[in-house]
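Taken together, the values in this text are just the output of simple stated rules run on the coordinates, not laboratory data. Bear in mind that the values here come from a model prediction, so they are computed numbers and not experimental data. All Cβ positions, glycine included, derive from the backbone under ideal geometry; neighbour counts span all protein chains shown.
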2 protein chains.
Amino acid sequence: MSFEIFSFEIISLIIAILGLIFAALIALGIKRAASGPEEAQKISSYIREGAMAFLAKEYRILIVFVVVVAIILGFSAIGWRVALSFVIGAIFSVLAGNIGIRIATMSNAKTAWAAKQDLYKGLKIAFSSGSVMGLTVVCLGLLGVSALYLIFKDPQIIYGFGFGASSIALFARVGGGIYTKAADIGADLVGKIEKGIPEDDPRNPAVIADNVGDNVGDVAGMGADLFESYVDSIIAAMVLGVGVITLFGEGAVTLPLLLAASGIIASLLGNVVIKLIKKGDPYIILNKGIFIAAILMAVGSFFVVKYATSGGLNIFYALLTGLVSGIIIGLVTEYYTSAIRRPTQGVALSSETGAATNIISGLSLGMMSTVVPILVVCGAIYVSYSFASIYGIAIAAVGMLSTLGITLAADTYGPVADNAAGIAEMAHLGEEVRKRCEELDAVGNTTAAVGKGFAIGSAALTALVLSVSFSQIVGLRSIDILEPKVMIGVFIGGMLPFIFCSLSMQAVGKAAFGMVQEVRRQFKEIKGLIEGKVKPDYAKCVEISTAAALKEMVIPGLLAILIPVVIGFTLGAEALGGLLAGAIVTGFLMAVMMANAGGAWDNAKKYIEAGNLGGKGSETHKAAIVGDTVGDPFKDTAGPSLNILIKLMSIVALIIAPLLIVSPPKLKQPLQIPFEFRSPVTGPSQFKGPAAPPPSKDQKQTLRGILDISSQMIEFQVGDKVYEVIGPTPQALRGEGFKEKEEAEVTGVVSEDTIYAQSVITVDH
Amino acid sequence: MSFEIFSFEIISLIIAILGLIFAALIALGIKRAASGPEEAQKISSYIREGAMAFLAKEYRILIVFVVVVAIILGFSAIGWRVALSFVIGAIFSVLAGNIGIRIATMSNAKTAWAAKQDLYKGLKIAFSSGSVMGLTVVCLGLLGVSALYLIFKDPQIIYGFGFGASSIALFARVGGGIYTKAADIGADLVGKIEKGIPEDDPRNPAVIADNVGDNVGDVAGMGADLFESYVDSIIAAMVLGVGVITLFGEGAVTLPLLLAASGIIASLLGNVVIKLIKKGDPYIILNKGIFIAAILMAVGSFFVVKYATSGGLNIFYALLTGLVSGIIIGLVTEYYTSAIRRPTQGVALSSETGAATNIISGLSLGMMSTVVPILVVCGAIYVSYSFASIYGIAIAAVGMLSTLGITLAADTYGPVADNAAGIAEMAHLGEEVRKRCEELDAVGNTTAAVGKGFAIGSAALTALVLSVSFSQIVGLRSIDILEPKVMIGVFIGGMLPFIFCSLSMQAVGKAAFGMVQEVRRQFKEIKGLIEGKVKPDYAKCVEISTAAALKEMVIPGLLAILIPVVIGFTLGAEALGGLLAGAIVTGFLMAVMMANAGGAWDNAKKYIEAGNLGGKGSETHKAAIVGDTVGDPFKDTAGPSLNILIKLMSIVALIIAPLLIVSPPKLKQPLQIPFEFRSPVTGPSQFKGPAAPPPSKDQKQTLRGILDISSQMIEFQVGDKVYEVIGPTPQALRGEGFKEKEEAEVTGVVSEDTIYAQSVITVDH
């Protein structure tokens, strides 16, 4: 080993800080870029103010929520350290989102203005702002986890950090998702359809709210979602690493930090590559950066695993599984939702026979698109488990998210380009700028769709790892579906995504209804508005969207937090495990289905608008608009909210796990080790345990303590610690003349709370 | 005990035959009723011929399928007895469907004609034809199971009968579902929308195919679906009954037959009640009959359980759970899909803002409507399990389906009334008759919706019981989700309903496309058709629908059969158990969602057509039509097909179970019984096993045989039979001086292949 293993957390801490400095430098570069004409700056500032107004209102609710939960955690048996981690997690997530939105809303006008010069200049500014967001998310995440590990030295405590991140994600993703679609539908329904004015027209009172929505939903929401997945996967891998120290060395616990740090470096290099390319299709440029980062990560992690751990390259293979799976899921999403591919063109074609066939065809595509992601996740589970057991699955999740620094940059690029296109229109920057911005926007739509697929895949894998970690912490040997309680848990868990989707889609409907009424009111009451002589009251629309979004997310949010608690304390830990499994399976399926159906409807409409199948204004186009409108809450509200649901439920289960402990944690399948009993009465026993290869010498220990065979299992107390002895039975030891309780020496493999005994000898008789 | 318990199967056999005779008498009564004018008779005969054409073509494929599968089963380790049962199950299901369609297509014109006299006369004829179908299904089902039990005396063999029923259900439900919607959409799209002629207009070439579809889908399809659930639940309860003989007496095995027979009698009496009522709302009349049958069943089963079994009333309570659950699920379905309730009116209201909001609102309703059915099924599992363990869950399923004789009659009534309305229109029987028939049809829509909810609930419970039975037969002690293979099984299982829905909705699209082209062709090429001078070529449309339906069901059908086999033989029995669990959970959720969303869209449209929210022809109405069209494949093809998917997969697993056996079947949790060892060497042992109340004396047995302690478990051979001895460990017995293999006497509770030992004594030493 060439690393000093105890310093993994310090290395990662330093890299995280360096990454943040790098992000700050990029931000500085954007700040220095030209902002363009005053009109564009003014619109950009409206959007920023609107977004900040949403955040400010959100924070007011958040503070109450965070303080209340922290007090409950701190004063319960869960303890103040988890509470503190929770608060820090919440603050870091808020910080990442806030920085992301500030940069995104600073960059939109600059992107439009830069595109006036040159397409690639625009691309660079928009992507730079994405990079700031991407790097901020991963570096703050890694910083928080590393620092908390340095302080507490116990990864389990850091689940509090993950819970903090989850809570913010709930507000940002669910609230943001409702906000963005309410504003979008409100703006379109009255502006485009009733008044016949074009999209992004400054006369539309909801136009700023619509642009704010892109930032609130796709920047802050997506960022908080992936921040949560990122830190959760690292923490889970650390917790599960404790159990495999004997296999992979002590480095197993902090290795995930080092791998994440490697991912940050790989992402930074990928970033540089994108900055250096000056020609070609913007989409291919972005993809090149992402692929190069992935390859660098693969190479880097090979050396990290090889030199920082014992146990060979198994961990590396597990990581690779995750890295590759993430890329495949992204590609499949692209295949199903891209306007140049057969599936989406099929949806467009089905619009020729009307809205109904368009809907059926989109739903059918969404359902079918679950196949590859599900099989990829199953494959990842199988392969990574076979390489490194449950720890391997956690490492696969870390691998999938390792290059988040650059994948999230590509996602965040989308809304910035979208906003830039809007500003180009509203500030009358000219046809050419508008066109270039739209070209950048189109690329952004694809990266956003891919990003959604990736977010779902990583959320599912993260939630799965969290659930496994939960069952280990509460000491479940198994979660047996044949137990009626577990089956009930699976059924109820499976149902939750359906309720959650139903509630969030209804929420969009209600919020949009309020918005429609306000926009109609303004057009009616504000004289000269439709003629373009007077400005509408943008702030009022922002306010309505904000209030509605935050109100409507309360019930789904409470459901996600309370149901695991209720099931855990009534039906028990095993049923709660079933609940999580059920929720993960249907949540994953529904999320993929909704995201891809939504993406396909969106792009089918765009395909027709590009002049195919009758083009804009045709009956076919009208039918496609119906699908697109249904797809909006699918892909931007209900679908993404499911990522939050499954992770939040899992982390809530983990937080309450200490209150649900079933029995001391132990391995499911006792190792089969030959053992012999010796007692002064009978001498060495003539019989041995089941034959199995003896464990290697360095894992064996001999402990002296008090052996207790009075109950059904053999307990062995060494100082303050009580182990369960596996191998002999109490009856057999009694048969050998052991007393119910006496001093003894046990030799065997010691693993957490269990000793797999090779011999048991009474000390004095 | 006042019954001679060995005659349960004979009693039920006799009742089944009596029920069939009763059904024949009702059929005779219908046959004698007046058929009305020649025009009506002719149309009715077209429909019958079309339905028979579909059946004939289906049978040609079926025969090949059944013969091939029977040969595979017969020549494999599964054996000829299962193969024979399979063939008989297929024949009986075909018979039930064939009789049902014959009666339904005989009754449609008679219903219309009777309605000319009097609404109630029409109701009676339509319901009578439903009764024939309902009674035929339950009596043939009970007859088959009882007879096979009399022959083979082994309920496990009879799963072959269930597999036969499942295979037919696949063809009838999936094929029928595709048929009915292809014809419906084809008729509506060209006739109503393109040509502007009314529904059921005889000039429409697809009109007969559309009416045939109602029979093929809603009579034969629904019948085969419920026939399968009915026989599967009875067989599963019998198989699980073997395991609880010690608790409830030997009657536990054949009790399900007796309970089913009681249900037939209760259904018959309910039938009589409906016939006797001569005024009031038809919907309430039907419901009265159903409720009275349920109450009679409850009372009857109380006495049956009390006098035919030992173990008190626990089995009765379990049965009651199922009976009540079925009724609640029906009521909830009615609540969500009825035009007079708030949810469906909400969908209608949302149509005011266009097709997109109508779709979102319907999907949202469908998702939310899963809550109560899921909770009811969970409650049923919990309560029935707590009363009578796994056997209790099976009995709950039997209870839910016990009054199928009358609930299915109410379902089948629907398509007959629907056809009658069509015939009244086509044969120009006058406005009043048409109106009365439409009133009867409206009631039929509600009963059909309720029937769908009931079919889904019972399918889920049946599939669940089948899966549990599967895991017992292969000897799984648990299905542990924490095992990656099981998790993979759950994921893939959860995905299957999504693929299945996607495929079946696409199939409808493709089949409908072919139909649309044919109808357009006829309107174009047949001169004088639109003027009503020439008859269209009905048969050609029937042919197209038939061919398309049977072709398109091949892939989903193969998936349902092959995937369990593939998973079972690659990932093993436990993963297959996970697969089934995943499929049942998402299958149930999706089926409920699709059925209720479809029902709500349908009735929202009807609500608007009744003059609300702008009425027929308004923009709101147009938006509602989009929802209705999306809902058609939801509620009549994809949704119901999921019932088949989950049951078929479970029964396939059961059929291949003998090839997947993990270890000899045993109870999961060994009973804790005090035991003592005695061997000539050490004398009576000084230690006893864990304390627990000793079992009652009559359950204890003393057996003499060869005791083998050489492996990890203690085997005890008595004659040809080998038991596992639970209580002492091999080590402990060795410690007592037992030899590795010697003659011994074991006293304890004997259960299937296991002895829970109270003492073990060597015989000679």
* In degrees from 0 to 90, rounded to the nearest 10, what is the angle of the helix B:8-32 Cα long axis to the longest principal axis of chain B? -> 10
* Work out from phi, with θ = phi - 60° and the Karplus expression 6.51 cos²θ - 1.76 cosθ + 1.60, the ³J(HN,Hα) of each residue of region B:138-153, listed in order in whole Hz, and give x for Gly and Pro. => 5, 5, 5, x, 5, 4, x, 5, 4, 5, 5, 5, 4, 6, 9, 6
* Asked: Could you give the nm distance between label points at A:ALA539 and B:ILE340, where each point is 7 Å from its Cα heading toward the beta carbon?
  -> 5.3
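Between A:ILE245 and B:GLN717, what's the calculated FRET efficiency when r is the beta-carbon distance and R0 is 51 Å? Round to 0.05. Intermediate values should be presented prior to the final figure.
Numbers: r = 46 Å, r/R0 = 0.91.
Using R0 = 51 Å, I get an efficiency of 0.65.
When the chain is fully extended, how far beyond the present Cα-Cα distance does B:ILE277 get from B:PHE291, taking 0.36 nm per residue of separation?
Details: separation 14, 0.36 × 14 = 5.04 nm, distance 1.41 nm.
Gain on stretching B:ILE277 to B:PHE291: 3.6 nm.
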* Asked: Mind ordering A:327-338, A:405-416, B:314-325 by average Cβ neighbours within 10 Å, highest first?
  -> A:405-416, B:314-325, A:327-338
* Treating the angle as unsigned and between 0 and 90°, give the value, to the nearest 10°, between the Cα long axis of helix B:251-276 and the longest Cα principal axis of chain B. => 20
* Asked: Please identify the trypsin sites (Lys or Arg not before Pro) of region A:573-626 that satisfy two criteria: DSSP loop assignment and at most 15 other Cβ atoms within 10 Å. Which are they?
  -> A:LYS616
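How much mean residue ellipticity at 222 nm does chain A get from its helices, if each DSSP H run of length 4 or more adds -39500 (n - 2.57) and you divide by all residues, to the nearest 500 deg cm²/dmol?
That comes out to -24500 deg cm²/dmol.
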* **In nm, spacing of pseudo-spin labels at B:GLU352 and A:SER45 (7 Å Cα→C-beta vector)** => 4.1
* Asked: How far is the Cα center of region A:159-219 from the Cα center of region B:365-436, in Å?
  -> 42
* Could I have the simple spin-label model distance between B:ILE72 and A:ILE284, label points 7 Å from Cα toward Cβ, reported in nm to one decimal? => 4.8
* Asked: Once Lys and Arg get +1 and Asp and Glu get -1 on their Cβ, which of B:GLN506, B:GLY346, B:GLN731 lies farthest toward the positive end of the dipole of chain B?
  -> B:GLY346
* Using Cα pairs closer than 8 Å and at least 6 residues apart in sequence, work out the relative contact order for region B:67-184, in percent. => 37
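Per residue of B:368-376, what is the mean number of Cβ atoms on other protein chains within 10 angstrom of that residue's Cβ?
Mean number of neighbouring Cβ atoms from other chains: 4.
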* May I ask you to evaluate 6.51 cos²θ - 1.76 cosθ + 1.60, the Karplus curve with θ = phi - 60°, for each residue of region A:591-607 and list the ³J(HN,Hα) values in order in whole Hz, giving x for glycine and proline? => 5, 5, 4, 5, 5, 6, 4, x, x, 5, 4, 4, 6, 5, 4, 5, 4
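Quote the relative contact order of region B:361-485 in percent (integer), defining contacts as alpha-carbon pairs under 8 Å separated by 6+ residues. Walk me through the intermediate numbers first.
Details: 69 pairs, mean separation 32.3, N = 125.
26 percent.
Can you tell me the FRET efficiency between B:LEU150 and B:THR702 if r is taken as the Cβ-Cβ distance and R0 is 22 Å, rounded to the nearest 0.05? Walk me through the intermediate numbers first.
Details: r = 33 Å, r/R0 = 1.50.
Efficiency for this residue pair is about 0.10.
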* Label-zone membership for region B:429-473, site B:GLU199, 7 angstrom Cα→C-beta point, backbone N under 14 Å -> B:434-446
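Take the Cβ-Cβ distance between A:ALA24 and B:LEU558 as r, set R0 to 56 Å, and report the resulting FRET efficiency rounded to the nearest 0.05.
On the way: r = 59 Å, r/R0 = 1.04.
After rounding, the FRET efficiency stands at 0.45.
Inside 10 Å of the C-beta atoms of A:347-357, what's the mean count of C-beta atoms belonging to other chains?
5
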* **Protection-proxy order for peptides A:467-476, A:230-239, each taking the mean of Cβ atoms within 10 Å per residue, highest first** => A:230-239, A:467-476
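At 0.36 nm per residue, minus the direct Cα-Cα distance, what do B:ALA610 and B:LYS551 gain on full extension? Give it in nm, one decimal, please. If you can, show how the numbers build up before the last one.
On the way: separation 59, 0.36 × 59 = 21.24 nm, distance 3.84 nm.
Full extension from B:ALA610 to B:LYS551 adds 17.4 nm.
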* Asked: region A:53-113 to region B:280-346: how many Å between their Cα centroids?
  -> 51
* Structure fact -> Restricting to Cα pairs under 8 Å and 6 or more apart, the percent relative contact order of region A:221-262 works out to 33
* Can you list the lysines whose alpha carbon sits under 16 Å from that of B:LYS124, skipping same-chain ones fewer than 8 residues off? -> B:LYS31, B:LYS110, B:LYS116, B:LYS275, B:LYS278, B:LYS279, B:LYS288
* To do: Could you work out how far helix B:314-337 tilts from the main Cα principal axis of chain B, as a 0 to 90 degree angle to the nearest 10?
  => 30
* Structure fact -> Amide H contacts under 5 Å for A:ILE755, restricted to residues at least 5 apart in sequence or on another chain and with H modeled in the peptide plane, are A:GLU724, A:VAL725, A:ILE726
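Order B:65-76, A:284-295, B:583-594, B:445-456 from most to least packed using the mean count of other Cβ atoms within 10 Å. Could you put the intermediate results ahead of the total?
Values: B:65-76: 15.7, A:284-295: 20.5, B:583-594: 29.6, B:445-456: 26.3.
So the order, starting with the most tightly packed, is B:583-594, B:445-456, A:284-295, B:65-76.
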* Rounded if a/c is under 1.5, else prolate if a/b beats b/c, else oblate: with a ≥ b ≥ c from the C-alpha gyration tensor eigenvalues square-rooted, which is region A:186-305? -> oblate
* Asked: Can you pull the mean other chain C-beta count within 10 Å for peptide B:571-582?
  -> 2
* Structure fact -> One decimal, nm, nearest first: from B:PHE303 to the same residue in each other copy, label points 7 Å out along Cα→Cβ, the values are 8.7
* Asked: Hey, what do the phi angles of region B:493-502 turn into as Karplus ³J(HN,Hα) couplings, whole Hz, using 6.51/-1.76/1.60 and θ = phi - 60°, x for Gly and Pro?
  -> x, x, 6, 4, x, 5, 4, 4, 5, 4
